[in-house]
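Before any comments, here is the structure.
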Amino acid sequence: MGTEDSNSDKYKSENDKEDDEEDKMEMQVMLHEGLTFGEAMNKDIKTIGEFLEGLKYQVQFSDHHMLQVLEQEGGSFLRLVACLSKERHLQSTLTRRPSTWEQQTTTAMFYCSRPTSSDKNT
């Protein structure tokens, strides 16, 4: 496979090679290459927190277009965030446990729920 890559590189222009290198660098940034899991997760949490503060600021403008864009562009993230409601179900003694095999709850199986308040006190 490595020889195929080097052979195909012979026929690429300098601009194509630069574009490939830029794409590779962008992917490394997106994948947090060089960061530990904790560093990458904390970086994402900080970014989400900053975005959340910006959203809170937007509320005063009652901009329905902004809300539409948020729901359209951030739909997959908002569905992921819905796993918090699954956590509430997991911690509740009054509701049945959610099924992780249902289409709308498949992400819940990868989310480690926080300990209940009674578990924290033990």
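The values are calculated or read from the model by the stated rules, or taken from the named source; none is laboratory data. Being a predicted model, the structure only gives us computed values, none of them experimental. As a convention, Cβ positions derive from the backbone with ideal geometry for all residues, glycine included, and neighbour counts pool all protein chains shown.
When Asp16, Asp44 are checked against the criterion of being more than 22 Å from the chain's Cα centre (by Cα), surrounded by 10 or more Cβ atoms within 10 Å (Cβ to Cβ) and at pLDDT 65 or above, Asp16 stands alone in meeting it.
Every condition in (1) at pLDDT below 75; (2) assigned to a helix (DSSP H, G or I) holds for His65 except the one numbered (1).
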